[in-house]
Amino acid sequence: MARRARMISLLDELVAARSRRDFAELDRLMCDDVTYQLSGQRRLLPYAGIFEGKAAVRQALDALHVEFVFSDLCVEDVIVDRDAMAVRWSARWTDRGTGESALLPAFAHLTFAGERLQGCADFVDTAAAAKLAGWPS
């Protein structure tokens, strides 16, 4: 399978596993020293920051899913360059506590080592997410 097609297939597997909160599958798809970054200000979104290693990445993703329900995920554009990928995506974020929701656009940069995710940086509107959660800005 061509490298571009295989990387897009890996992206599909990662998105599906993340959507299902299937951490066993995510573990299989991630390098042991994987890093995840959710950009933004921690005072606006406590989940923002850099998380290193599978356990820390699982904890960060799980914490997000405790606070928010994600739906209407749409991958809009994908650019593949060697072992890196840029993805423009959007999803509806619904806060479990307030019930507020909004469709938030985002961007991700992913790197791969062979067939596994080495790193992911998500860039989302953390101020909008914090507002959905009812947190003061």
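The values are calculated or read from the model by the stated rules, or taken from the named source; none is laboratory data. It should be emphasised that the depicted structure is a prediction, and the values quoted were computed from it without experimental measurement. Cβ sites come from the backbone with ideal geometry, for glycine too, and all protein chains shown count toward neighbours.
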Practice problem: For residue 108, state whether it is under 22 Å from residue 7 (Cβ atoms), in contact (Cβ under 8 Å) with a residue 60 or more places away in the chain and aliphatic (A, V, I, L, M). | Solution: no
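Could you tell me whether the range 4-24 includes any residue that is part of a strand (DSSP E or B), of a type outside the set (Phe, Trp, Tyr) and either in contact (Cβ under 8 Å) with a residue 60 or more places away in the chain or surrounded by fewer than 17 Cβ atoms within 10 Å (Cβ to Cβ) (or both)? Outline the logic, then answer.
Step one: of the range 4-24, the residues part of a strand (DSSP E or B) are none.
The answer is no; no qualifying residue exists.
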Quiz prompt | Of all residues making up the range 1-24, the number that are basic (Lys, Arg) and farther than 26 Å from residue 92 by Cβ | solution = 3
Quiz item: Which of the following residues is under 21 Å from residue 128 (Cβ atoms), in contact (Cβ under 8 Å) with a residue 60 or more places away in the chain and either exposed (fewer than 13 other Cβ atoms within 10 Å of the Cβ) or of a type in the set (Val, Ile, Thr) (or both): 66, 87?
Solution: 87
Quiz item: Which residue out of 21, 92 is modelled with pLDDT under 90 and out of contact with any Gly (no Cβ under 6 Å at 6 or more places or on another chain)?
Solution: 21
Quiz item: What is the number of the single condition among (1) over 25 Å from residue 5 (Cβ atoms); (2) touching a residue at least 40 places away in the same chain (Cβ under 8 Å) that residue 94 does not meet?
Solution: (2)
Quiz item: more than 25 Å from residue 31 (Cα to Cα), assigned to a strand (DSSP E or B), modelled with pLDDT of 90 or more and of a type in the set (A, V, I, L, M, F, W, C), is that true of residue 102?
Solution: yes
Quiz prompt | the range 28-58: number of residues that are at pLDDT 90 or above, outside any strand (DSSP E or B) and crowded, with 16+ Cβ neighbours inside 10 Å | solution = 4
Quiz item: For residues in the range 118-135 being part of a helix (DSSP H, G or I) and of a type in the set (A, V, I, L, M, F, W, C), which is surrounded by the fewest Cβ atoms within 10 Å (Cβ to Cβ)?
Solution: 127
